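A short write-up of the structure that comes next.
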Amino acid sequence: MIVAAFGSPVLPTKAAPDYVEDWSDWEMHGLPGPGRGTGVGNVSWKMGLQKLVWTIDGGMLSLNSTVWYSRNTSGDAPSNSPPVSQPGDSPHCPEPSFPGFHSYEGSPGQPSSDTLVIHHNGHSACSGSTPVRTADCADCTPNYDTVQDWLNELGYDVFEMAMPMHGCNRLNSATACADHCVDNPAKGFNCSGCTNPAGSSHQWFEQFEQHGDKTMRYFLEPVVLAVNHAIALGYKHVVLMGLSGGGWTTTIAAAIDPRIKLSMPIAGSVPKVPSALWPEFVPDNPEGHGRQGAGGDYEQNASRPIYQECGWICMYLLAALEPDRYALQMLHEHDSCCFAAAGQHEKIARYNAFVQQTLRKIGGGWMQTAANWGNFHEVNYRDKTVIGTMIERLRRKSGLKPSHFDDIPFDILQNGPEALLVE
């Protein structure tokens, strides 16, 4: 599987970013909320922000991967109350002289938490420009979509990233070939035949794949490099989570990189085509309209070489193969985009049972699917409750255990509506 993605049986080992930019003066304003805060109240806070950039040289393309590195703000984030204004009131935020206070601002590049959460934002639009949150915006600013800041406030440091061609990785559709294509005489490839992308569709990569390029590298190497960097910085726990395309990336990256101890893909995949390990399929509804294999971007198409080596059930197993690794696949009952669980509960239960029985036989960790009543394609509040719970269980001295999956909050697959009734 790693060979299919990278052309080599060894994962990339580079750890240090190719470019680092200090954004430590970036502030959140107002009380916690979407974007850069709600703007309510005369409060602001910093998260020791840094912009990290790696260059992915795959052989026929050279693409940048941008990561926003933000620090734990649980020690000095504003409370959900008006700013103090009366003489003699306690300071709104703790001062460095207070017992237990620790500051990240004096030591950039050093962890302020024992846990690094890689939040993969998938097909992410950029933010902070006009037009806002579209593929055509012209800036590159942190995409605080309520998830990264929320993770910081829980006490975790965060790497925020997006797929190639999206967010801060977007390409200029008119000049993408000229700016990023690399001639490869060894494979008989030159950039004169390169066709520029239509918008931000990943179908652009197919022309390079047809000439022998390992195009999955551009999707997966950024995560591996981010993990390398997190470990080099000294983090004890590395967690990977993501929505949609970020959920797709989460599943595959966790399958190839055993250093990811907890992976939580959200609305990112179901086994929508049969495989050697599992003869059934679960449709990608509503996007795939119930048809086998339908729905999804280029990277989810079953014709990609990586799926010939390892289908979805194989990846679910690999993401929890070792006894200290765990994968929680999260779906929404009526997701407005993709992988809705409605009508698929029995099929989901069957492939979960197969994966779990296999993990028991080989002495592996645990993988499980949970679904909540979400009806929109987002990281909703129910998802967040579960995410925070599972990360904290991982961090405890006793660690995460399969038994912790027995009663996941809001899970309607294991605990349906009848479980909420009072006897």
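Each residue of the stretch 355-362 was assigned a 3J(HN,Hα) from its phi angle through the Karplus expression (A = 6.51, B = -1.76, C = 1.60, θ = phi - 60°), giving 4, 5, 4, 5, 5, 5, 5, 9 Hz with x at Gly and Pro.
The phi torsions of the stretch 255-264, fed into the Karplus equation with coefficients 6.51, -1.76 and 1.60 and a -60° offset, translate into couplings of 5, 9, 10, x, 6, 7, 7, 9, 10, 9 Hz, rounded to whole numbers, with Gly and Pro shown as x. Placing a pseudo-label 7 Å from each Cα along the Cα-to-Cβ vector at GLN210 and SER24 gives an inter-label distance of 5.0 nm. The alpha-carbon of LYS397 sits under 28 angstrom from the alpha-carbons of these lysines, leaving out residues fewer than 8 places away in its chain: LYS236, LYS261, LYS361, LYS384.
Tell me whether the stretch 270-339 comes out rounded, prolate or oblate; compute the Cα gyration tensor, take square roots of the eigenvalues as a ≥ b ≥ c, and use a/c under 1.5 as the rounded threshold. Judged from the Cα gyration tensor, the stretch 270-339 comes out oblate (a/c at least 1.5, b/c at or above a/b). Amide H contacts of ALA125: GLY167, each under 5 Å away and 5 or more positions distant or on a separate chain (H built 1.01 Å from N in the peptide plane; Pro and chain starts excluded). Computed from the C-beta positions of LYS236 and THR195 and an R0 of 35 Å, the FRET efficiency is 0.15 to the nearest 0.05.
Here the extension length gained between GLN203 and VAL53 equals 51.6 nm, from 0.36 nm per residue of separation less the Cα-Cα distance.
Sorting 190-200, 160-170, 367-377 by average packing, meaning the other beta carbons within 10 Å per residue, from highest down gives 160-170, 367-377, 190-200. By the gyration tensor of its Cα atoms, with a ≥ b ≥ c the square roots of the eigenvalues, what is the shape of the stretch 358-406: rounded for a/c under 1.5, prolate for a/b over b/c, or oblate? Since a/c reaches 1.5 but b/c is at least a/b, the shape of the stretch 358-406 is classed as oblate. For the stretch 49-64, the Karplus equation 6.51 cos²θ - 1.76 cosθ + 1.60, evaluated at θ = phi - 60°, returns couplings of 5, 9, 9, 10, 10, 10, 9, 9, 9, x, x, 10, 9, 10, 10, 8 Hz by residue, with Gly and Pro reported as x. Calculation over all alpha carbon pairs of the stretch 157-296 in 5 angstrom steps from 0 returns a P(r) of 2, 8, 15, 17, 18, 16, 13, 10, 2, 0 percent. Near the amide H of LEU61, within less than 5 Å, lie the amide hydrogens of VAL182, all on another chain or at least 5 residues away, with H placed in the peptide plane. Would you pull out the residues with amide H under 5 Å of LEU331's amide H, same chain only if 5 or more places away, H placed 1.01 Å from N? Distant-sequence amide H within range of LEU331: ALA267, ALA370, ALA371, ASN372.
The modelled label-to-label distance between HIS289 and SER398, using points 7 Å beyond Cα along the C-beta direction, is 5.1 nm.
Any read-out appearing in this document is the output of simple, stated calculations on the displayed coordinates, not a laboratory observation. These numbers were taken from a predicted model, which means no experiment stands behind them. Cβ: placed from backbone, ideal geometry, glycine included. Neighbour counts: every protein chain shown.
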